[in-house]
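Here is the structure we will look at.
The values are calculated or read from the model by the stated rules, or taken from the named source; none is laboratory data. Just so we're clear, the structure is a prediction, and the values are computed from it rather than from any experiment. Please note: Cβ atoms are built from the backbone with ideal geometry, for glycine as well, and neighbour counts cover all protein chains shown.
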Amino acid sequence: MSTVHKFLIGLMWVFAALLVSDAARAERIRELASIAGVRNNQLVGYGIVVGLDGTGENLPFTTQSMINMLSRMGVTLPPGQSMQMKNVAAVMVTTDLPPFARVGQPIDVTVSSVGSAKSLRGGTLVMTPLKGADGNVYAMAQGNVVVVGAGAEGAGTKTTINHLGVGRIANGATVEREVPMTVGQGEFANVELRRTDFGTAQRVVDAINKAMGAGTASAIDGRQVKVRMPANAAEHVAFLGMVENLQQQWQLLIDNIAKGDVKTFNAPNFPSGEIRGVGFHEAPRGILIHHYKVDDQGAIKWANLIIATGHNNLAIGRSIDQASRHFVKANKLQEGMLNRVSAVVRAYDPCLSCSTHAQGIVPMQIELVSPDGTVLDSLSSDC
């Protein structure tokens, strides 16, 4: 191997080492800045949620909103009649219109009660226009409100899990008007730092010029960097993508080489025989344990995962016992028991494939056994 080849290999390994050792300093430009003009636009609207299970409100503005909506549909309330509403709630609907959103594109919305409604759970948002700061309608929202929470009350007590006055509708709004974006249409594009810093602005300029060529970028001030775009407009998107993903690693590599750090990488020396390793990771539903066996070439030959299902086995058993009692009638297992038992286990650990090592398929069999050991009935599933 020639000296040049050795130097190039060493250079490559030094660069790889820098990527690891200086990760804190190796921020991509898009983590420090954004392209000027590429931004979200906030939208808001006032609407009505109907279909609530007695958890709505009977406030004057809610009643007036309902009367106005019915009037637009040709329904007129007789004189002297008043509406008694418990299944309706007035809400504010908010969302962010992403940059470059096109007509017909769905976006998520958040629905929040503005009155005294106890819960929006189970309600349906009636068609609501969403307006921007300029007063124009940019999207229309409608759909079933999903509330991540539950509540119950009785005998003078009340229990609530999470907030019931706010819900979301996935893909609940459709874009009806586009916001014009002029990014990349001229000779230059501006990169805006998230925080004003003259030193960071200069480092961003240096990183772009080293990667794209001298004179490509120049600092306007401590927050803006002007970048010259390619002459071919078809290359603008790819060019800005490369600029966003540039890392400040090139200068670190040059600095280290200048200091004499040209040492080549030493390949790992694996001990002979089998190697074992165990790792622990804290997960939302319990401790995740990884147990591996590696051969003398560094290849994983065996792996075992002990996850939250194993740790929560006692609680899962008790929950299954409580749920299954509702599906046993006259020594027969009732339809729906498999789904209910599966739902109980998933409440403790959503990844049944991991806990059973079934690789995507979770076979399940439930048997009803008499005290003398006789199997009275059984249900099975392969999914």
Among the residues of segment 181-205, count how many are outside any strand (DSSP E or B) and of a type in the set (Asp, Glu).
-> 2
Residue that is surrounded by the most Cβ atoms within 10 Å (Cβ to Cβ) [pool: residues in segment 216-237 that are among the small types (Gly, Ala, Ser) and under 22 Å from THR196 (Cα atoms)] = ALA217
Those residues that are crowded, with 17+ Cβ neighbours inside 10 Å, modelled with pLDDT under 80 and polar (S, T, N, Q), I need them from segment 304-339; list them, please.
-> THR309, ASN312
Any chance you could count how many residues in segment 65-112 are of a type in the set (Lys, Arg) and not in a loop (DSSP other than H, G, I, E, B)?
-> 1
Residues of segment 130-150 classified as surrounded by fewer than 18 Cβ atoms within 10 Å (Cβ to Cβ) and not in a loop (DSSP other than H, G, I, E, B), total | 7
Qualifying residues in segment 166-210 (those that are over 24 Å from PRO230 (Cα atoms) and acidic (Asp, Glu)) - the one modelled with the highest pLDDT = GLU176
Is one or more of the residues making up segment 46-56 crowded, with 17+ Cβ neighbours inside 10 Å, at pLDDT below 90 and under 30 Å from GLY122 (Cβ atoms)?
-> yes
